Structure formats: C-alpha cells, structure tokens
Amino acid sequence: MSALLAAILWVRIGVADAAPALAVGTARAARIVGANGLAIPLEPRDRWVARADGKALRFEGPSGQWVEVTAPARIIGPGPVYAGRHWYRGSLELRVGPAPAGEAAGSVEVTAIDRLPLEQYLRGVVPAEMPSSWPLAALEAQAVAARTYTIAHLGDFAARGYDLAGSVLSQAYGGLDVEATASDEAVARTAGEILTYAGAPINAYYCAAAGGYTEDAASVWGFGHKLADGRVVGYPYLKPVADFDWASPHWSWRTHMSSQALAQRLAAAGLGAGTIDSVAIASRSVSGRAAWIAIEGRAGCREVPGQVFRLALGLQSTLFSLEPAGDGWDFVGRGWGHGVGMSQWGAWQMATWGFGFPQILAHYYPGAQLSPWPGPQGAISHR
C-alpha cells in the first residue's frame, strides 16, 4: 500500500457496542445531526448522554434537557470527539440496534463508530498493543502487523455496522488517550507497508508472548487461507518458530483451580460435565500446547479443544501442564495469548539485539513479504 493510499483509506471502528447509555462530546463546537436532519448544538466539553429508544436516539444534555433524533446520528465538527471515557480522532456515528446474542430479547442499545483514516487509527493501536517506550524496531514491526491485520479484516463486524472492534476482539485501540511520539514515529516510518503472501494481505495475528515457541494457526483455529484465485490453502506464514520472550513477565506462570471452581467455569461456558473427577491433556500440538483436554465428570465425559478450555477457565495460554494439588489442580504454564504469529515480547528482544523490523517480521511470519498494498481489492482476498 502506498503512503498515499494508506492516508486516504478510512476504517470504521466500533468503540462502543450495545451500550445502554453512552456519554459523547467534542473538544470544539460541533453538532449532533440525526438522520431526520434535526441538529443539536454541542459546545466544547459539553457532555451529552445518548440512549436508544426504538429507532431513535434520546440525548440528555448537561442541563438535564432531552432532545430526540432519528438514528443514526453523527457528530459533525472539527473534532476530536469522545465516546464513553476516551477521546478519538475522526468522526463519530451513533446507531441503535439489537443487543448481541445472549442479552434481553428485543432490547435496543447504542453503538458508537469512530470513522477515521487508517494511519490515524494505527496511532491509537500501536501504543495500546505495545508500550511506546519499547525499541523503535519493535514498534515498527507492531505497526506493520497491525496495519496488515486491519486491511485483512475489514468488514469483520459489518453486521454491527463497523469494520473492526475497538478491543481485543480485533485489536486494542485507545484513541488519542494513548498516542505517543515514539509510536507515532513507528507508524509514520512504515506508512504504506504491509505483509503479503501470494499477493494478498496476510492474517497478521500476534500475541503478547509465545512461551519459547509460536503456534501453528491450524492448531488453534483450524481455518484455511483463500488465495486470489479462490484456492484454499493453509497458512505457511503462521507456522511454529522459536520465540525469544524470556524477559516477558508471562514467561512462566502457575494457577491453582479447585475442582468446584473448574466445574463451575466449564458449566458457565456450556462445557459442563458435573462434578469433576479428572482432567488431563489428551493431546498436544507440535509446539507443545494442549490441543485437546479430556474431562471426566459425574455427568459424563468429554474432550474439549485446548483453546476453548483455556478461554473458559481464563488461563494465560494453552502451553501448560497439569498437576493434582489439594482440592483441585495446578496449571503450570508459559506465555500469554494464543501464541500465533508475532510475539510482542519476542519482537522486543530481537529489537534489543539490534534487528530491524523487516527481520523481526520475517522471523515471525516466514514466507510473507513486505509489500505496498496493491489496492482495495486486496482487503478481502484472504477470505
């Protein structure tokens, strides 16, 4: 992607979704304009609270006044804007819609969408994902990975009205609140650069720390990669490689869980087997992670994918062993996250050793190429 294309590509980020009430405002004089044309003047730093009411948005002003407009509504002005507790670049759109699955049927809530240029978005992503005090090469590697991930995942949340979530459901995004000089420099120095494989943007997954060895994407999610010609292949650039994350605070960890707590968490995740008699690692992936967990309970036996088990229990990673201990088990492990793609702590170590960001990325995404993005058609060719 050329720096010019990077500058003009706009993204839509869901910075709040299904909020029962949401505070909004601007730093400069602006207007909230509803779909019916009704406008509400906004004075700098005024706080208005939006609530969904059918197909309308009701705004409560700083003096307790109420104004209702037809959704969607937009804040029109020079910005910046805030939603919830954070300030953002770009423009803000407010929508009403059904609550996500699992919440009260028929309820409608507020969704806030920050629309801004890709490179401005990355200024709020890189320091939210990686400390801005880290070496520049690590920040540059993070900027390229985040830019690539963004392009490869445009439209992931189209059903909710935006491209990517402003959280770890996509990438952490802190907006103006987290921007820093060093991370801004990393974004600017890599502007227009992404990672490609077979001419298409890659799925540039990354994690905090892989515990000495990264994981194969197929072992975690089992999906394939669609080439531009429609063929589905694996992810050769998301294969296990050595990680250098020894300095990570997550290099080793230990968590105790009682049999009762284990049963309760599994049941809450829809994986209940009653009172737990035994739990064991049934198989491991090539990088040593727990691929399948065998659970024996009073209500039956089941095998659970390691990643599903990890998320249900809130474990730091699937790279662990099990030790019976007292009323339950000790989980003894390494790393933080799914372990796929670039390890952020590994990138820190490589940058500390003097490697540049191209070398860091080449190590963690073997076979991928640093490339200018060829154009908007590349955004969806990974599907």
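For the reader, a short list of remarks on this structure follows.
- Only a single item in (1) more than 17 Å from Tyr205 (Cα to Cα); (2) of a type outside the set (Ser, Thr, Tyr); (3) in contact with a helix residue (DSSP H, G or I) (Cβ under 7 Å, 6 or more places away or on another chain); (4) at pLDDT 95 or above is not met by Trp373, and it is number (4).
- Selection status of Leu154, assigned to a loop (DSSP other than H, G, I, E, B) and closer than 17 Å to Glu193 by Cα: yes
- When segment 303-349 is filtered for residues that are of a type in the set (Val, Ile, Thr) and crowded, with 20+ Cβ neighbours inside 10 Å, the ones remaining, listed by number, are Val304, Thr318, Val340.
- Options Ala299, Ala312, Ala351, Ala347; residue that is within 23 Å of Tyr235 (Cα to Cα), in contact (Cβ under 8 Å) with a residue 24 or more places away in the chain and among the small types (Gly, Ala, Ser): Ala347
- Of everything in segment 247-259 that is among the hydrophobic types (A, V, I, L, M, F, W, C) and surrounded by 14 or more Cβ atoms within 10 Å (Cβ to Cβ), the residue that is farthest from the chain's Cα centre (by Cα) is Met257.
- Test: residue in segment 135-145 that is surrounded by 21 or more Cβ atoms within 10 Å (Cβ to Cβ), charged (D, E, K, R) and within 22 Å of Leu92 (Cβ to Cβ): no
- Summed over segment 197-211, the residues that are in a strand (DSSP E or B) and modelled with pLDDT of 95 or more give a count of 3.
- Within the set Ala228, Ala312, Ala247, the sole residue that is modelled with pLDDT under 90 and not in a strand (DSSP E or B) turns out to be Ala228.
- Residue within segment 162-185 that is under 19 Å from Leu361 (Cβ atoms), of a type in the set (Gly, Ala, Ser) and modelled with pLDDT under 95 present: no
- Within segment 5-42, the set of residues being of a type in the set (A, V, I, L, M, F, W, C), closer than 20 Å to Trp66 by Cβ, surrounded by fewer than 21 Cβ atoms within 10 Å (Cβ to Cβ) and without any contact (Cβ under 8 Å) to a residue 60 or more places away in the chain comprises Val33, Ala35, Leu38, Ala39, Ile40.
The values are calculated or read from the model by the stated rules, or taken from the named source; none is laboratory data. Everything quoted here is computed from the prediction, not taken from an experiment. Cβ sites come from the backbone with ideal geometry, for glycine too, and all protein chains shown count toward neighbours.
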